[in-house]
């Protein structure tokens with residue numbers, strides 16, 4: 001029972017206007033996640049009446065600035081703080097900013113390090 | 001202007017099942033705002049995907065949480081099966097549905113007990129958990145473990161339930177239904193319980209939708225969204241109507257959860273009529289290559305597993321977004337403006353499962 | 001109208017208690033309960049597949065010394081080793097490991 005999931009590829013600069021479009025059409029923010037490949041690949045997922053859509057863009061380095069969407073969807077501040085703590089991404093103007101104290105881990109930015117394949 | 005004090009709530013508190021910390025800013029017993037702090041039991045389970053191959057990872061996925069354990073394992077399997085294009089046999093779909101609904105019944109009975117404990121009604125707490133023991137015995141008889149089922153597997157399920165066992169389960173649940181009706185009469189009609197729940201923590205329909213709330217918290221504010229309608233497992237043949245309540249206060253959340261217990265017992269009855277005979281698993285060959293977001297309905301709301309594979313036997317990324325993580329903003333909105341003595345009841349009405357939230 | 005719990009409370013006052021006086025009365029275990037792993041050491045060929053499949057690294061197999069060791073407190077009773085053993089010499093008993101203060105590892109040898 002695989003459901004249809006639509007992917008929309010965008011650039012970082014279009015992020016805020018696309019998210020505002022979704023908000024005006026009545027979508028709810030479902031989740032924000034990141035994958036560490038050669039670059040950082042982000043996915044912002046939205047849903048309305050079981051129709052699932054997600055925005056996809058990448059940043060090359062952890063220091064590249066990404067605008068925050070917590071002004072449009074207030075609940076996004078939790079996801080963005082988590083991305084900052086685990087991956088070291090630079091997200092600007094989060095509504096409530098924990099400044100690195102959200103998850104205190106023994107290694108800083110555990111996911112942002114180089115991806116090494118280890119044999120079991 | 002009255003003086004503001006900051007009172008720390010948690011991480012250790014008699015009413016909380018798991019540690020979460022809230023800084024409550026109060027003015028003379030009225031809470032003005034709440035600032036959350038999580039991260040006390042962060043185990044880094046998402047990083048473990050780099051060390052365990054995708055078939056063995058089911059054991060880790062099941063142990064993310066103790067209460068919603070089977071549905072975590074099942075959602076992981078649904079995600080990997082969608083990426084690899086594996087078709088699960090019908091009998092395995094029905095068995096997965098039966099175990100998911102048993103999981104939902106025991107989780108809601110646990111929640112009823114904890115809520116009764118939160119407003120001090122210990123006798124009701126013990127009675128709810130006495131009924132829950134019977135459900136746990138059914139689960140142990142069929143899968144081998146009381147809390148961690150160990151029966152989810154990529155390609156199907158690991159153990160089978162014989163037809164006479166399914167009939168025995170339905171008979172036990174029929175007897176249980178009368179006892180649950182007696183308990184729910186106390187929750188819904190007793191004046192002292194109503195005094196603590198009615199009108200406390202109202203969440204309006206627009207707020208619940210805009211803040212991204214999921215599960216019974218969203219449905220108790222009048223929005224009819226239930227991920228079981230997507231049709232995973234056997235839910236394409238068993239229709240589920242979302243149960244909603246327009247009031248939006250803690251009493252409405254209690255009503256929605258109690259009615260979901262009766263709905264789950266009915267779903268198990270329907271599954272018994274419709275289950276087919278046949279194999280319970282299918283052989284898995286190859287490695288996953290692609291990505292997919294798998295969504296199912298846990299007792300607490302909608303859980304999402306993002307699976308990304310690149311053709312090797314180690315997955316590239318597995319990300320879990322649990323329902324309690326999505327309900328925390330709704331909790332912060334509800335806490336602003338409530339009395340200090342209502343804080344434990346409100347924290348429990350969103351059904352916090354912090355070990356899920358922090359993986 | 002009042003005292004809705006009275007009916008349930010009176011019923012439990014006059015019936016048998018719902019709890020069992022463990023450890024004097026022990027419940028009979030169910031057939032499929034996942035308790036602890038047992039091995040038929042004469043059949044074991046020391047191939048080491050169970051050690052590789054174990055999710056918590058609780059097994060240690062020594063081919064030279066012909067011994068099979070299990071760390072009881074690391075085993076999570078998941079039955080992965082039972083499924084992959086080529087000689088089917090591993091089974092799952094339905095009784096739990098008894099609590100102990102110091103003994104963790106059990107070694108079986110085919111001397």
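The values are calculated or read from the model by the stated rules, or taken from the named source; none is laboratory data. Predicted, not measured: the structure shown is a model, and the values here were computed from it. FYI the Cβ positions are ideal-geometry reconstructions off the backbone, even for glycines, and counts take in every protein chain you see.
Annotations for the structure displayed:
- When residues of the range C:83-103 are limited to those that are closer than 15 Å to residue C:54 by Cα and buried (at least 17 other Cβ atoms within 10 Å of the Cβ), the one nearest to the other protein chains (Cβ to nearest Cβ): C:92
- Among the helices (runs of 4 or more DSSP H) confined to chain C, the ones with at least 3 residues that are under 26 Å from residue B:145 (Cα atoms) are located at C:49-53, C:80-84.
- Scan of the range A:32-41 for residues that are surrounded by 22 or more Cβ atoms within 10 Å (Cβ to Cβ) and either more than 11 Å from chain B (Cβ to nearest Cβ) or more than 8 Å from the chain's Cα centre (by Cα) (or both), ordered by number: A:40
- Taking the numbered list (1) farther than 21 Å from residue C:104 by Cβ; (2) more than 9 Å from chain B (Cβ to nearest Cβ); (3) touching a residue at least 60 places away in the same chain (Cβ under 8 Å); (4) within 21 Å of the chain's Cα centre (by Cα) in turn, residue C:42 passes all entries but (4).
- Residue identified as within 10 Å of chain A (Cβ to nearest Cβ), modelled with pLDDT under 85 and under 19 Å from the mean Cα position of the chain (by Cα) among B:234, B:213: B:234
- Flag for residue B:284 being part of a loop (DSSP other than H, G, I, E, B), away from chain A (no Cβ under 14 Å), surrounded by 15 or more Cβ atoms within 10 Å (Cβ to Cβ) and more than 25 Å from the chain's Cα centre (by Cα): yes
- Some residue of the range A:51-64 being more than 19 Å from residue B:306 (Cβ to Cβ), more than 8 Å from chain B (Cβ to nearest Cβ), touching a strand residue (DSSP E or B) at 6+ places or on another chain (Cβ under 7 Å) and surrounded by 12 or more Cβ atoms within 10 Å (Cβ to Cβ): yes
- Residues of the range B:228-255 satisfying the condition of being outside any loop (DSSP other than H, G, I, E, B) and over 30 Å from residue B:292 (Cβ atoms): B:250, B:251, B:252, B:253, B:254, B:255
- Residue B:71 part of a helix (DSSP H, G or I), crowded, with 20+ Cβ neighbours inside 10 Å, more than 9 Å from chain A (Cβ to nearest Cβ) and in contact with a helix residue (DSSP H, G or I) (Cβ under 9 Å, 6 or more places away or on another chain): yes
- Some residue of the range B:74-81 being out of contact with any strand residue (DSSP E or B) (no Cβ under 7 Å at 6 or more places or on another chain) and in contact (Cβ under 8 Å) with a residue 24 or more places away in the chain: yes
- Residue count for the range C:15-32 satisfying the condition of being more than 9 Å from chain B (Cβ to nearest Cβ) and closer than 19 Å to residue B:186 by Cβ: 1.
- Given (1) without any contact (Cβ under 8 Å) to a residue 60 or more places away in the chain; (2) over 16 Å from residue C:87 (Cα atoms); (3) within 14 Å of chain B (Cβ to nearest Cβ); (4) out of contact with any helix residue (DSSP H, G or I) (no Cβ under 7 Å at 6 or more places or on another chain), index of the condition residue C:51 fails: (2)
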